[in-house]
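Values quoted throughout were computed directly from the atomic coordinates according to the rules given, and no laboratory measurement underlies them. Model, not experiment: these values are computed from the prediction. Cβ placement follows ideal geometry from the backbone for every residue including glycine, while neighbour counts extend to all protein chains displayed.
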Amino acid sequence: MFPKSFQKLIDHFSSLPSVGPKMAERLVLYLFKQDQAKLDDLSKIIGDLKKNIHYCAQCFNISENGLCSICQDKKRDQSLICVVEEPLDVIAIEKTRQMRGLYHVLGGTLNAPADKNNALKINELIGRLKKNPVKEVMIATNPTTEGEATALYLARMIKPLNIKITRLARGLPTGGDIEYADEITLSGAIEGRREM
Ligand SMILES: [Zn+2]
């Protein structure tokens, strides 16, 4: 129905999270109506994205440097590590200004017991805990079935290290994402965190 390269771009957009085919068509039409300079700029930024941004070598947050700005900040509480699923969760929690410690980004959740450590940065977390004087690990995976299962698994792995393990308080909508929680709810969940 559409010219070939128009359709190609629609297909790309449709494959993005939360973008349906109709929305993709509207986005491509919108782009087509823009100046060439704007499109060149956009394609350059997309092309350079993975060249300029990497995962932090310590916490696996996204960063322009080897270590992210949070890991580089010596004023932060080095004895508290907040474990989250994705970099966007770091942003959401940072907005609450309740977390003055460091982070560890897992990169997702455990899906099935079969691929326990695969890709998830769990071994890296345990390594960090063994090497650094950490007093508390605050597990802030999402309150979904997968997030809860991951939290329990992590707690089992961390227990032998004799480190206090806490979990965000209830109050976050079950099945919801930390990324989308409002700041007041998230602040309350951090303040009311309970020991696992
Ligand atoms: Zn970092």
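Only Cα pairs under 8 Å and 6+ residues apart enter the sum, and on that basis the relative contact order of the stretch 37-129 stands at 21 percent.
Only lysine pairs 8 or more places apart or on separate chains count here, and in the stretch 96-196 those with Cα atoms under 19 Å apart total 10. DSSP finds beta bridges in the stretch 59-196, and of those with both partners inside it, around 10 percent are antiparallel. With contacts taken as Cα pairs under 8 Å at a separation of at least 6 residues, the chain carries a relative contact order of 16 percent. Legend: Rg and Dmax of the stretch 23-106, from Cα coordinates, 17.4, 52 Å. Using the Karplus relation 6.51 cos²θ - 1.76 cosθ + 1.60 with θ = phi - 60°, the per-residue 3J(HN,Hα) values for the stretch 73-79 come to 7, 5, 7, 6, 6, 6, 9 Hz, with x marking Gly and Pro. Per-residue Karplus couplings for the stretch 6-23, computed as 6.51 cos²θ - 1.76 cosθ + 1.60 with θ equal to phi - 60°, are listed in order as 5, 5, 4, 5, 4, 4, 4, 5, 4, 7, 6, x, 6, 10, x, x, 5, 4 Hz, Gly and Pro entered as x. Around the amide H of Ile139, modelled in the peptide plane, lie the amide H atoms of Val83, Thr166, Arg167, Leu168, all under 5 Å away and 5 or more residues distant in sequence or on another chain. Computed over the stretch 97-196, relative contact order equals 26 percent, with contacts defined as Cα pairs under 8 Å that lie 6+ residues apart. Can you tell me the orientation of helix 122-131 relative to the chain, as the angle in degrees between its alpha-carbon axis and the longest Cα principal axis, to the nearest 10? So the helix axis and the longest Cα principal axis differ by about 40 degrees. Measuring max minus min along each principal axis, the C-alpha atoms of the stretch 122-189 give extents of 34, 22, 16 Å (largest first). 3J(HN,Hα) couplings calculated from phi for the stretch 144-157 with the Karplus curve 6.51 cos²θ - 1.76 cosθ + 1.60 (θ = phi - 60°) are, in sequence order, 10, 4, 5, x, 5, 4, 5, 4, 5, 4, 4, 4, 5, 6 Hz; Gly and Pro show x. Projected onto its three principal axes, the C-alpha set of the stretch 74-196 covers 35, 33, 23 Å, listed from the longest axis down.
Amide H contacts of Gln58: Cys68, each under 5 Å away and 5 or more positions distant or on a separate chain (H built 1.01 Å from N in the peptide plane; Pro and chain starts excluded). In terms of surrounding Cβ atoms within a 10 Å radius of their Cβ, Tyr55, Tyr103, Tyr153 rank from fewest to most as Tyr55, Tyr153, Tyr103.
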